[in-house]
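Since the structure comes first, as structure tokens, the remarks are kept for the end.
The values are calculated or read from the model by the stated rules, or taken from the named source; none is laboratory data. Please read all numbers here as calculations on a predicted model, not as lab measurements. No Cβ is skipped: glycine too gets one built from the backbone with ideal geometry, and neighbour counts run over all protein chains shown. Just so you know, the surface numbers come from the protein's heavy atoms only, side chains and all, with ligands and any DNA or RNA stripped out. Shrake-Rupley method; radii C 1.70, N 1.55, O 1.52, S 1.80 Å.
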Amino acid sequence: MDLVRKEHERLAKRLKASQGTKNVQATIDLLQSARDAIAADPSQASITLAKLQNSAKSSFDSINDSLKETHSGLNKYSKALDKLFKDKPLPSTEHDALSSQEHLINRAIAMHLLREGQFSVAATFLSEIAEKKVANQDQEMNAGSTDNGVTLLDIEEVPSDEVRKEFATMYYILHEMEENNNLLPAIHWSRENKEALEARGSNLEFELCRLQFVWLFHGGQDSQDSTPAGRQAALEYARREFQAFLPRYLAEIQQLMGAMAFAPNLQSSPYRAIFNNPSAWTDVAQSFTREFCSLLGLSADSPLYIAATAGAIALPTLLKLQTIMKAKRTEWTTQNELPVEIPLPPSYLFHSIFVCPVSKEQTTDANPPMMMPCGHVIAEESLKRLCKGNRFKCPYCPSESHPREARKVFL
């Protein structure tokens, strides 16, 4: 990496010190002056061109010399990059479990486009899939095939119009929130879905109203109130809206009201973190997205984005595994499982469902599955009951191990 950095700095210095741009501009100026002189006095064209010949040749030579230096620096920089980032073949897709599930991939792409607000792109993508499906069906009918199975996304499986409308609503609310600092559409949506949000234990509506209060406090204009922007507008908003949040959020409302007394010196008050939170808008946008998708039965993050990121994290490990297998002349024959553990961030680990063969109970976050050195897996509580802090024998094989040797398993 040091060699790449050194070559990059050297190339940057050469480009800054290069006279190439100045030489090109000088040549352009020289040609333009000759053209103007000939246009002014055509009878002197031969003399003007004769004078131009040596000057133009000298300028072109200077440009070529400058380009040679730049080209030399680029070559050295490219060689340093190639040496650091060696070209490696990607892992084989021979055992790709999703190769026969093209309809799932297409659906994930369509849902990702809808999540991102790319509605026209999603519509084009889905229409092209439908056209291809119809063409495949026509080919099968012409060939006399009776098999109605289709590997592409069935037309009935595309996101429904209702789902598309829901994502359009979400995108509009997020746009208003992020671009116009307008929380009212989000607040209106949270009140329309109040019962479902409360059933989830969500406090989204209060988060939105609290941020609206802070925004008004800092000078935002309330479209529902004719009072001037500022503390008075925030106070009027609190009187009108916060009554519905009592007594559940009494402590938070008291903090907001108490901050009014510190308004002249809010930066030094205990309420500074509430009224000067640079990530407040981002946090509430993420909360809104999470709750909106949850009510649709979807994850807050795009599955396509998660899969692509997890794949990028796993790629170096898989490349190393491929090199080892090639050197040992072995093959990976397990199609539905990775042959090695891929270290992923905790947020990328989902649905650890496992029923302990000893206790016959399903594991949870508080009682996760634990793998012993012999490879057998039992629940953590079962492990503690068996070992009692000492070495113990596996209930399924003669191997003995210590509880500290067990590792948590993510399924």
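Please find, within the stretch 365-411, the residue that is farthest from LEU344 (Cα to Cα) out of those that are open to solvent by less than 60 Å² (accessible area, probe 1.4 Å) and aliphatic (A, V, I, L, M).
For the stretch 365-411, the residue satisfying everything is LEU383.
Of the conditions (1) out of contact with any Ser or Thr (no Cβ under 6 Å at 6 or more places or on another chain); (2) at pLDDT 80 or above, HIS112 fails just one. Which one is it?
Looking at each condition in turn, HIS112 falls short on (1).
Every residue in the stretch 251-289 that is open to solvent by 70 Å² or more (accessible area, probe 1.4 Å), hydroxyl-bearing (Ser, Thr, Tyr) and at pLDDT 85 or above, please.
Answer for the stretch 251-289, where residues must be open to solvent by 70 Å² or more (accessible area, probe 1.4 Å), hydroxyl-bearing (Ser, Thr, Tyr) and at pLDDT 85 or above: just THR282.
From (1) under 30 Å from GLN322 (Cβ atoms); (2) modelled with pLDDT of 80 or more; (3) of a type outside the set (S, T, N, Q), pick out the condition that doesn't hold for LEU30.
Going through (1) under 30 Å from GLN322 (Cβ atoms); (2) modelled with pLDDT of 80 or more; (3) of a type outside the set (S, T, N, Q) one by one, LEU30 breaks only (1).
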